[in-house]
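Scroll down for the structure; my scribbles are underneath it.
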Amino acid sequence: MKRRLMAVLAVPAAAMLTLSACGGGGGESEAQGTAEGGISLINEGQLTVCTHLSYQPFQFERDGEIVGFDVDLVDLVAEDLGVQQEIVNTPFETITTGAAFNTDECDLAAAGMTITPERAGVIEFSEGYFDANQAILARADSDVTDEASLAGKTVAAQTGTTGLQYAEENLGDAEVITYEDLPLSLQALQNGEVDSVINDNGVLYDFAKENPDFEVKFDIDTGEEYGIAAKKGNTALIDKVNEVIGAAKEDGRYDEIYQKWFGTAPE
């Protein structure tokens, strides 16, 4: 299935919320399409999915196509609904604040996004579909070994993420520097602008695999789970996501997708 990418201007989340408050966003009653099973969608014949690129191997661009673990999972949902997945690249904060849904920018969001109580207060989450922890990435020859060894060092963190939250709450002896997205954080590390990067372990292990001068120095057991999100109250679509992913776990399709992107079967 070919997936088109619709780039979205980086409108600040506060502005997006203001538009919503002024009545700019419609609810399910204003949806323009209906999928199999009577589920309302914002556009006829497509499941519009917000993400924030690049977050390899969950969602990233390769040879002009958006691919990844999350993309393949949502393809299963789109197939079940009898529509095609259409991907929208939008700032991460517009997803986690609910602005992307309140302005009818997308039906779902799949962005390697951790389920948290704060986010669940403004968006509707699926059941957890991927277990994740935080991790610290640094140069292979770095003396970073644990949290204590980060004292006096710089740590790059992505804005709006649980990694940034963890760093601010637990790495008080390090200097935390924020970046808009993961690629900018990794570029800062490669350029020697920071000593380390904190982010979800899956993406950092993927980067280290392709860049042997860098390695994941240690994991931080935070017990996080990724969820797929929809507009708050859109339980019909989230129920469908849970149904499809649950079936994929039962019949082996989930394991096949997992092995395709991570090289091993899930534990």
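The values are calculated or read from the model by the stated rules, or taken from the named source; none is laboratory data. Here the structure is a predicted model, which means the values were calculated and not measured. Please note: Cβ atoms are built from the backbone with ideal geometry, for glycine as well, and neighbour counts cover all protein chains shown. To get the accessible areas, we keep the full protein, side chains included, count just its heavy atoms, and leave off ligands, DNA and RNA. Shrake-Rupley method; radii C 1.70, N 1.55, O 1.52, S 1.80 Å.
State all residues of the range 137-164 that are open to solvent by 60 Å² or more (accessible area, probe 1.4 Å) and hydrophobic (A, V, I, L, M, F, W, C); if no residue qualifies, say none.
The one that is open to solvent by 60 Å² or more (accessible area, probe 1.4 Å) and hydrophobic (A, V, I, L, M, F, W, C): A148.
Against the definition (of a type outside the set (D, E, K, R) and on the phi > 0 side of the Ramachandran plot), how does G163 come out, yes or no?
no
N170 passes all but one of (1) within 24 Å of I115 (Cα to Cα); (2) crowded, with 18+ Cβ neighbours inside 10 Å; which number fails?
Status for N170: all satisfied but (2).
If I filter the range 190-216 down to residues being in contact (Cβ under 8 Å) with a residue 60 or more places away in the chain and acidic (D, E), which single residue comes out as nearest to V176 (Cα to Cα)?
First pass over the range 190-216, keeping only residues in contact (Cβ under 8 Å) with a residue 60 or more places away in the chain: 196-208, 212-216.
Still in the list and also acidic (D, E): 200, 206, 213, 215.
Details: D200: 16, D206: 22, D213: 22, E215: 19 Å.
That would be D200.
Among the strands (runs of 3 or more DSSP E) contained in the range 155-267, which hold 1 or more residues that are farther than 16 Å from F58 by Cβ and basic (K, R)?
214-226, 229-231
Can you tell me which residues in the range 217-246 are over 25 Å from T162 (Cα atoms) and open to solvent by less than 40 Å² (accessible area, probe 1.4 Å)?
Within the range 217-246, L237, K240, V244, G246 qualify.
Out of the residues in the range 109-130 that are over 14 Å from the mean Cα position of the chain (by Cα) and more than 26 Å from G33 (Cβ to Cβ), which is most open to solvent (accessible area, probe 1.4 Å)?
Restricting to residues being over 14 Å from the mean Cα position of the chain (by Cα) and more than 26 Å from G33 (Cβ to Cβ), the top hit is E118.
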